[in-house]
Structure formats: C-alpha cells, structure tokens
Amino acid sequence: MPPTRLLIVEDEHLIAYDLRESLERLGYEIVAIADTGIDAVRQAEQLRPDLVLMDIRLPGEIDGIDASAQIQTQLHIPVVYLTANADQATLERVAASHPYGYVLKPFNDRILATTIEIALARHRAETAAEAAQQLTEAEMQRRAEHLAVVSHEIRTPLMAIRACADSLQRYGNLLPPDKQQQHLQQIQTAAESLSLLLEDILLLERMHSDHLEFFPAPIDVASFCEEQVEVWRYTSDHQCELAFFSDGAPCITRLDHKLLWHVVNNLLSNAVKYSPEGGCVSLTVSCQPDTIGLQVKDEGIGIPPESLLQLFEPFHRASNVGEIPGTGLGLAIAKRCIDLHGGQISVESTLGEGTVFTVQLNRSEG
Ligand code: ATP
Ligand code: MG
C-alpha cells in the first residue's frame, strides 16, 4: 500500500522540520510544508494530500481555522489541528469548524499517529457513506424512470382494452359483425402484449437474482428459426418481407429452447418493429462444425452510434425510436440468454439504412 500523504501547515520552521522527521519515521509521506493559511489551501488543492496537519495561529489574511474550513468543505480533505493554543475562544472556533482531530503541542509520536489514523478512518467511513447515499439516490431515480416506461407500456394496451370493451358493451349487436370481430381481436392483441411485457419483467427479475433456469437439450436450430420466421410472417401482417436463409441441412446442437426462443424472437421483433412498411427482414442460419451463426438483418431506422454501447442494458432505448412502442428490455434479455450459452452477440448499424445483429453460439452435439 502506498504511504499516507500528509501536508504540514506550520509557520515555525524548526517545529515543521521536527514534525516532518517524526512523521516520516512513523511511515508517512510529507507532500509539502505550508507556512500561511492561503499557502495551505493552495498546496492542498494542488497536491491533494490524504490529510492536513494544521497549526492554528498563522501569519497572513486567514488563520488555520479559516484555512481548514476551506480545505474540508471545498476539497473534502480531513484536517487535524496541531497547536499550542487551547484558550476557550479558540476551542469554540475549533469545535465549530468540525475538525477530524486536535493534538496539543508538545505532542508525542503515539498520540499523533493514533489521531491521524482515527481521522483517516472516520473520513473513509464518511466518504463511503456519502457514496452509498448518492448511489441510493441514483438508483431511486433510475427505478422511477423505469417505472414510468413500464407504466406507459401498460397504459396503452389497457386503454385499447377499455375502449373496445366499452364499445362492445354499449353497442353490442348494433355493431356490424366485422366491427365486433375487430374489437375482440384488438382486445386479444392488447392482452397478449400485456402478458409478454409481464413475462419480460419477470424474466429480467429472475436474471438479476440468478434464478433463470437453463436446460439445454438437442434442437435443430435451422428448422426452429425457419418456424419463427413463419410465425412472424403471419403476425407482422405483411408489414415486412421476411426471408429465411440456411444451407438447407439440419443443424442439431444442444441449446435451451425457451432461451433460444427469446433470442430469435427479440431480434426478429426489433427488425420488424424498426423497419418501414414493406421493408425486408432476413434471418440467416450458418451451421459450422463447432459454431452456429444467426444473423438478423433489416433495412430499418438504424441505431445512432452513441446508443451502441448501451444497447444491451435494460430499459435503454435509442433517441430515434419516436412513437415506436417498447420498453428496452428485449435486447437485455436476449444478451443474457446468449451469455448463459457462452455465446456472443454483436451489432452493426447505419442510421437510416439498417441494422445487422450477429449471434455466435458454440455447437455441441453430445
Ligand atoms: P422491447 O422491450 O419491447 O423489446 P425495445 O424494442 O425498445 O422494447 P430492445 O429490444 O431492448 O427494446 O432494444 C433496445 C433499443 O435498441 C430499441 O429501443 C431501439 O432503440 C434499438 N434497436 C434494437 N434493435 C433495433 C433495430 N433492428 N433497428 C433499430 N433500432 C433497434
Ligand atoms: Mg425489442
């Protein structure tokens, strides 16, 4: 461990050198000796010592107590007074300046070292407590933001359910049959999106608490992916052209089917969602002896470069999503599922031109 760095503030040079010798003998490093209050503040600012040993009576505009106040409040460096002044008025000013310690001259080495160590320990504890407090505040702020996103994503389908149910209740059979069917379909779609959102939130919670189950079993990745593309062709309502590519041969390996479902579906869902109407989306499976590559490509809105690093963090959404709905959970879930398989995911994207997500998974046939 590097030695503790101290700044000595003492205007009597003989005392200062004597002090330096004692402290160096005790294993401390003396970064400088200042002889006025102003010099003390300046040196503390420049040299950032771990602690300042401060004489009270100093020549110049500010004395040791005023200099300590500046050093402790502005630079957050603990100060221990080292002085021969012990009159009542001085003691009251000293107490009001909340020092980390007070040693009366003439000092002895053991008392000096103990006072310094107690001051440093107290300062470390206070700094840690402050950092924890700031972390809690930042965490609370983050949670409030996440809650706002989730509430928004719940409110939209809930309003759709209310409006359709209300219309069916009021007008029922007066509505033409196709309108009734349309309302029922909208209720079903909204309920489905609510249940997917709930599933994502629970999944993320299980991931955070390390309770996500992982059950690899043999699967033909090529035909599994082809089926998912089929489902998306049907559900995306011809909004996108969906293509599937592979060399046509089965690609058997051991993967967790449920987790693979989340990976493929989140990537396809994004490719469709962030594409303009009529855009092309493709999923390519390349089966190698040791690895399997999945590539999902679209010609959609693209991802701004500043978002690429945070893309896999829960609740992160890029600035160009506009009104496109989403909670920012899909990729965080996909990434964690890929991590559990020991795989990798990467992304390449050009704003306004499109995005390619590439997943590499290890192949094991055992
Ligand atoms: P959901 O939780 O419903 O999936 P989401 O789609 O916003 O919501 P993610 O799938 O985690 O969340 O994606 C995070 C962000 O990454 C998106 O909000 C979007 O900004 C960006 N993104 C992901 N995939 C694409 C893509 N193919 N094209 C453009 N942007 C994308
Ligand atoms: Mg998504």
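Rundown of residues vs (1) in a strand (DSSP E or B); (2) within 16 Å of ligand 2 (Cβ to nearest atom); (3) outside the structural domain of residue 327 (by TED's automatic domain parsing), yes/no style:
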| residue | (1), (2), (3) |
| --- | --- |
| 103 | yes, no, yes |
| 137 | no, no, yes |
| 159 | no, no, yes |
| 168 | no, no, yes |
| 192 | no, yes, yes |
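Scanning the stretch 129-166 for residues that are open to solvent by 90 Å² or more (accessible area, probe 1.4 Å) and over 27 Å from the mean Cα position of the chain (by Cα) yields a total of 2.
Scanning the stretch 284-301 for residues that are open to solvent by less than 20 Å² (accessible area, probe 1.4 Å) and more than 12 Å from ligand 1 (Cβ to nearest atom) turns up 285, 292, 293, 294. When 169, 185, 239 are screened for being modelled with pLDDT of 90 or more, at negative phi and surrounded by 11 or more Cβ atoms within 10 Å (Cβ to Cβ), only 185 passes.
For residue 186, state whether it is over 24 Å from residue 315 (Cβ atoms) and free of Cβ contacts under 8 Å to residues at least 24 places away in the same chain.
Against the criterion (over 24 Å from residue 315 (Cβ atoms) and free of Cβ contacts under 8 Å to residues at least 24 places away in the same chain), residue 186 does not qualify.
Only a single item in (1) assigned to a loop (DSSP other than H, G, I, E, B); (2) within 11 Å of ligand 2 (Cβ to nearest atom) is not met by residue 322, and it is number (2).
Exactly one residue out of 304, 218 is surrounded by fewer than 16 Cβ atoms within 10 Å (Cβ to Cβ) and either of a type in the set (Lys, Arg) or within 11 Å of ligand 1 (Cβ to nearest atom) (or both), and it is 304. Within the stretch 325-350, restricting attention to residues that are more than 9 Å from ligand 1 (Cβ to nearest atom), assigned to a loop (DSSP other than H, G, I, E, B) and open to solvent by 20 Å² or more (accessible area, probe 1.4 Å), which residue is farthest from residue 201 (Cα to Cα)? Within the stretch 325-350, the match that is farthest from residue 201 (Cα to Cα) is 342. Between 174, 120, the distinction of being exposed (fewer than 12 other Cβ atoms within 10 Å of the Cβ) and more than 24 Å from the chain's Cα centre (by Cα) belongs to 174 only.
Looking only at the stretch 307-317, residues that are within 7 Å of ligand 1 (Cβ to nearest atom) and closer than 19 Å to residue 343 by Cα come to 1 in all. For residue 320, the stated conditions do not hold, so it cannot be described as under 21 Å from residue 202 (Cα atoms), near ligand 1 (Cβ under 9 Å from one of its atoms) and either modelled with pLDDT of 95 or more or surrounded by fewer than 15 Cβ atoms within 10 Å (Cβ to Cβ) (or both).
The values are calculated or read from the model by the stated rules, or taken from the named source; none is laboratory data. Bear in mind the structure is a predicted one, so any value in this text is a computation, not a measurement. Glycine also receives a Cβ, built like all others from the backbone with ideal geometry; neighbour counts cover every protein chain displayed. These accessible areas exclude ligands, DNA and RNA; they are computed on the full protein's heavy atoms, side chains included. Shrake-Rupley method; radii C 1.70, N 1.55, O 1.52, S 1.80 Å.
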